[in-house]
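Before we start, here is the structure in question, set down as structure tokens.
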Amino acid sequence: MENRLNVGQVIDRVENEVDDVIEESWILDWIDSALSEIAIFYGDPASTTIEAEPKDFYPLPEDFLKEEEIFTEHGHKCYSYITTSQREIMFPLGGTYTVNYYKMPPRLIRENPHEPEEEDYDPEFLRNQNLPVHPLFHQSIVLWCKAEYWEFESDAKQAETYQSRRMREMFFQKVSEVSKILKNQVKQPQTIRLPHWNLGVPNEWPL
């Protein structure tokens, strides 16, 4: 049984479930946002060392997504620092710091690399992209896109705002559960039985 979704299938499912036609570029942004959230639970860890002067800002690696833990040169956990949206970090005290962080996940391709001169992307190429994350997360990505949709549509309306918040809570719950299962699994072919999520999909997923 094939449980993987590609980009086009996510777009179709989101539009069907919210009963609306949505700008595809919006859904691409929502998918990328979901991939970033998943990477914090189940992404590639990395680290970098920074020789810092007090209160100076230092650039973080280009693949920096979010800090996990930061340690001083003496091995103590550091809690005093500031990060910016420009991927910079500042420490009030000078010293050598090791920054353990989550790496930015792969982003969806917006244009056909075989025809880079084309101004418009090839719709078929875009829709046929595979999601760059384990298939157990694919249903959660649909949830995240629906949460983004209801937030966009809410305009401060209570029902839509509640719907968005509920979808987002379900997303984080499911991503957390799947991440724990994948991290604890034995490294051999097996079938994972997941908690029943009532999403209209099977709860057994072959690896």
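In whole Å, what three semi-axes, largest first, describe the equivalent ellipsoid of the range 44-103 built from its Cα gyration tensor (square root of 5 times each eigenvalue)? Don't jump to the answer; show the numbers that get you there.
Values: eigenvalues 55, 37, 16 Å².
Here the semi-axes work out to 17, 14, 9 Å.
In this model, which of Lys77/Lys103; Lys103/Lys146; Lys55/Lys77; Lys103/Lys183 are farther than 23 Å apart at the alpha-carbon?
With Cα atoms farther than 23 Å apart: Lys103/Lys146.
Return the loop-located GluC sites (Glu not before Pro) in the range 1-86 (DSSP other than H, G, I, E, B) with at most 14 other Cβ atoms within 10 Å of their own Cβ; answer none if there are none.
Filter output for the range 1-86: Glu2, Glu23, Glu62, Glu73.
In addition: How big is the gap, in Å, between the Cα center of the range 63-79 and the Cα center of the range 1-46?
Spelled out, the Cα-based centre of one part sits 30 Å from the other.
Every number in this text was worked out from the coordinates using simple rules, so none of it is lab data. Predicted model only: the values in this text are computed from it and were never measured. Methodologically, a virtual Cβ is constructed for each residue, glycine included, from the backbone with ideal geometry; neighbour enumeration extends over all protein chains shown.
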